[in-house]
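What follows is a single structure, written as structure tokens, with notes after it.
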Amino acid sequence: MTDRVLAAVDLALWDLKGKVSGQPVWKLLGGARPRILAYGSTMCGDDLENGLATPEDYARFADWMVNTRGYKAVKLHGWMPPMPGAPDPKKDYQACAAVREAVGPDVPLMLDPHHFYSRTEVLWLANKLAELDFRWMEEPMEEASMSSYKWLTQNTPLNILGPETMTGKHWTRAEWVKHDACDIVRAGVWDVGGISPAMKIANMAECFHMSTEMHGTGAGNLSVALAIHNTSFYERGLLHPFIDYDAPKEYQNRIDDEMDAEGYVHGREDPGLGQDLNMDYIEGNLVNA
């Protein structure tokens, strides 16, 4: 089974364990905090008018995210193939600089280029982001080349976060830590096979005084982020000017990660993962495997 299939099984078993014991999963895992700050994670750049087509669009959207919606941190996804001209480190930098100017010097900012850059491109961009006081950059190159990340962390003051999508669960993350290929460890329940290996990654990283940042939205990642001490944020997204993230999907009665006006997502006291699913819709839309 793939890691994503294993993740679905693992999430279901943790949800069952929580419901049988009458406890929320985030408490069963350790319950480090009852709430956590969310960063707003944008969708990648597009060519839509008033969407995310220009650096100015990113700046305008980030201003809304911080000063109207209440996010205390923002992560950008830049322009990626098949967008014409992508990847373009200079255009991505322009968007990052515009967002920094829009939100001011004190809001944590991050960038996710999603593995498309070369060494020369990413080193230039990393050093420029360090000048903008970005918190981190994640997955800027193909993660199968761990040596490229070791080289990058040795040559830039910017924190490098990884690996994100590289297979191998906690074993791969341990190798990256051992070889100094990242400054912050990445884990996500859908990337590593579920909550169980994600917790192993966080515990391993803590042994080396390293943070573990969770990749992606959803009840499983929220449960882990609330459970562990060595993390900073919960990733809330993907966000876009044309999409109402707070509106439940058809299969939900309530979204998994409602955020308050101060930018916090709270752990629910409901047993299990804390989801409120529309089971009538799910039962009415089953498909044959």
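The values are calculated or read from the model by the stated rules, or taken from the named source; none is laboratory data. As the structure is a prediction and not an experimental result, all values here were calculated from the model. Methodologically, a virtual Cβ is constructed for each residue, glycine included, from the backbone with ideal geometry; neighbour enumeration extends over all protein chains shown. When the accessible area is computed, the model is the full protein with side chains, heavy atoms only, and any ligands, DNA or RNA have been set aside. Shrake-Rupley method; radii C 1.70, N 1.55, O 1.52, S 1.80 Å.
For the residues E175, E235, E164, the requirement of being of a type in the set (D, E, K, R) and either crowded, with 24+ Cβ neighbours inside 10 Å or at positive phi (or both) singles out E235. Assessment of the range 178-189 against the conditions (assigned to a loop (DSSP other than H, G, I, E, B), at pLDDT 95 or above and either more than 25 Å from A126 (Cα to Cα) or aliphatic (A, V, I, L, M) (or both)) yields at least one matching residue. Of all residues in the range 198-238, those satisfying the criterion of being assigned to a helix (DSSP H, G or I), of a type outside the set (A, V, I, L, M) and either within 11 Å of the chain's Cα centre (by Cα) or over 23 Å from G70 (Cβ atoms) (or both) are K200, N203, E206, C207, G220, N221. When you check G237 against the structure, is it over 30 Å from E56 (Cβ atoms) and of a type in the set (G, A, S), yes or no? No; evaluated as a whole, the condition is false for this residue.
So that you can scan it fast, the table gives a plain yes or no per residue for (1) closer than 25 Å to W176 by Cβ; (2) small (G, A, S):
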| position | (1), (2) |
| --- | --- |
| H77 | yes, no |
| Q94 | no, no |
| A97 | no, yes |
| A102 | no, yes |
| L125 | yes, no |
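Yes/no per residue for (1) over 21 Å from the mean Cα position of the chain (by Cα); (2) at negative phi; (3) open to solvent by less than 20 Å² (accessible area, probe 1.4 Å):
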position: I36; (1), (2), (3): no, yes, yes
position: W64; (1), (2), (3): no, yes, no
position: A73; (1), (2), (3): no, yes, yes
position: P81; (1), (2), (3): no, yes, no
position: V103; (1), (2), (3): no, yes, no
position: M110; (1), (2), (3): no, yes, yes
position: S118; (1), (2), (3): yes, yes, no
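Going by the structure shown, is T68 polar (S, T, N, Q), closer than 22 Å to V107 by Cα and open to solvent by 70 Å² or more (accessible area, probe 1.4 Å)? Taking the combined requirement at face value, the residue satisfies it. In summary, Y93 fulfils each of the numbered conditions (1) open to solvent by 30 Å² or more (accessible area, probe 1.4 Å); (2) on the phi > 0 side of the Ramachandran plot with the single exception of condition (2). Restricting the first member to the range 184-202 and to residues that are of a type in the set (D, E), and the second to residues that are part of a helix (DSSP H, G or I), the beta-carbon pairs closer than 9 Å and six or more apart or on different chains are D191/D3; D191/R4; D191/A7; D191/K169; D191/A198. Would you call T2 within 30 Å of R268 (Cβ to Cβ), of a type in the set (S, T, Y) and over 18 Å from the mean Cα position of the chain (by Cα)? So T2 passes the test.
Residue-by-condition table, conditions (1) open to solvent by 40 Å² or more (accessible area, probe 1.4 Å); (2) small (G, A, S); (3) more than 21 Å from the chain's Cα centre (by Cα):
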position	(1), (2), (3)
M146	yes, no, no
K150	yes, no, yes
T153	no, no, no
N159	yes, no, no
H170	no, no, no
H179	yes, no, yes
